[in-house]
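The values are calculated or read from the model by the stated rules, or taken from the named source; none is laboratory data. Predicted model, so just to flag it, every value in this text is computed and none were measured. Heads up, the Cβs are rebuilt from the backbone with ideal geometry, glycines too, and the neighbour counts pull from every protein chain shown.
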Amino acid sequence: MRQMEDELGVELFVRTARGIQLTEAAQSLLHDVPNILELARLARERALRAGKGMLGDLHVGIFGSGVLNVIPKLIGAFHAQRPEVRIRLRNLTKGEQIQALREHRITVGFHRLPPVEPDLAVLLVLREPMYVGMHESHALARQAEVSIRDLERQPMVLYPNTPLAGLAQEVMGAFRREKVQIAVEQEVEDVTTCVGLVCARLGLCITTESGTMLRLPGAVFRPLRSRFLKDIELSCVHRKADHSPVLAAFMEVVRGYAGDADRS
């Protein structure tokens, strides 16, 4: 009791000939004991839940077409398992995601054709098949599928217009390898703008299966037939040194989805 008084710096007990009486400070402390014990229990509970990845924050870097299909499925599945984890989405380019990962501003990122970096881990989520987008009035819309050869000298809208390797570079590489001349009409930064220009009849585009989810008026999509551009990867990237329980739990969901995609 003396030790407790020393720690608090107040008298808790008055010693009399008849025994010990509680001071006002002790009575106040006694009144708060149940609350203190409950708060301690709640704090312990929250710590245990956080240690299991049931609480915390998940900051996710996203990009254009990826958010139209696969990424919402992954985030939805994770949220159903761990509804108390706060999920924050940030729309970032590939280069911005890599920088944000290194600065600990995001937990994971999703993008295509990630560069090999010693401090980052990459998990292939799936490979998406490719499609050609065009206005419904275009002659190629009558075909069941469209080849690279069919697109020779057709006005093309390319995306994303970024310095890092991505879909635009893969499209140009496929034309080059099949010895077909590409006529680039527009270069844009995102799939929404790209499909919007297709709807305006300013050109055709090559996009992923996710991109076909943009059902804008007048836009139709046909499977692409190409020897060199059959599909493109969607990958999840995170810091190798990040051992947080929330990240581990999210990556379990991603790996489960990737495994199902491989089997389908």
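Brief remarks on what is shown
- Residue match in the range 216-238 (condition: over 22 Å from the mean Cα position of the chain (by Cα), free of Cβ contacts under 8 Å to residues at least 40 places away in the same chain and not in a helix (DSSP H, G or I)): yes
- Exclusive hit being among the charged types (D, E, K, R), modelled with pLDDT under 95 and out of contact with any Phe, Trp or Tyr (no Cβ under 9 Å at 6 or more places or on another chain), set Arg127, Arg239: Arg127
- Residues that are within 24 Å of Leu214 (Cβ to Cβ) and among the basic types (Lys, Arg) were ranked within the range 89-114; the one that is surrounded by the fewest Cβ atoms within 10 Å (Cβ to Cβ) is Arg90.
- Selected residue [surrounded by fewer than 22 Cβ atoms within 10 Å (Cβ to Cβ) and of a type in the set (Asp, Glu)] from Glu128, Glu117: Glu117
- Restricting attention to the range 148-169, the residues that are surrounded by fewer than 17 Cβ atoms within 10 Å (Cβ to Cβ) and acidic (Asp, Glu) add up to 1.
- Residue in the range 151-161 that is within 15 Å of Glu96 (Cα to Cα) and within 16 Å of the chain's Cα centre (by Cα) present: no
- Candidate set from the range 47-88 (those that are surrounded by 18 or more Cβ atoms within 10 Å (Cβ to Cβ) and in a strand (DSSP E or B)); member that is modelled with the lowest pLDDT: Gly56
- Checked against (1) modelled with pLDDT of 95 or more; (2) surrounded by fewer than 17 Cβ atoms within 10 Å (Cβ to Cβ); (3) more than 20 Å from Glu209 (Cα to Cα); (4) more than 25 Å from the chain's Cα centre (by Cα), Glu145 meets all criteria but (3).
- Val180 vs. criteria surrounded by fewer than 18 Cβ atoms within 10 Å (Cβ to Cβ), at negative phi, aliphatic (A, V, I, L, M) and in contact with a Lys or Arg (Cβ under 7 Å, 6 or more places away or on another chain): yes
- Residues satisfying the stated conditions in the range 159-190, i.e. modelled with pLDDT under 95 and either closer than 13 Å to Met134 by Cα or of a type in the set (Phe, Trp, Tyr) (or both): Tyr159
- Set Glu187, Glu233, Glu209: member being surrounded by 18 or more Cβ atoms within 10 Å (Cβ to Cβ) and within 30 Å of Val60 (Cβ to Cβ): Glu209
- Test: residue in the range 94-110 that is in a helix (DSSP H, G or I), hydrophobic (A, V, I, L, M, F, W, C), over 30 Å from Lys240 (Cβ atoms) and modelled with pLDDT of 95 or more: no
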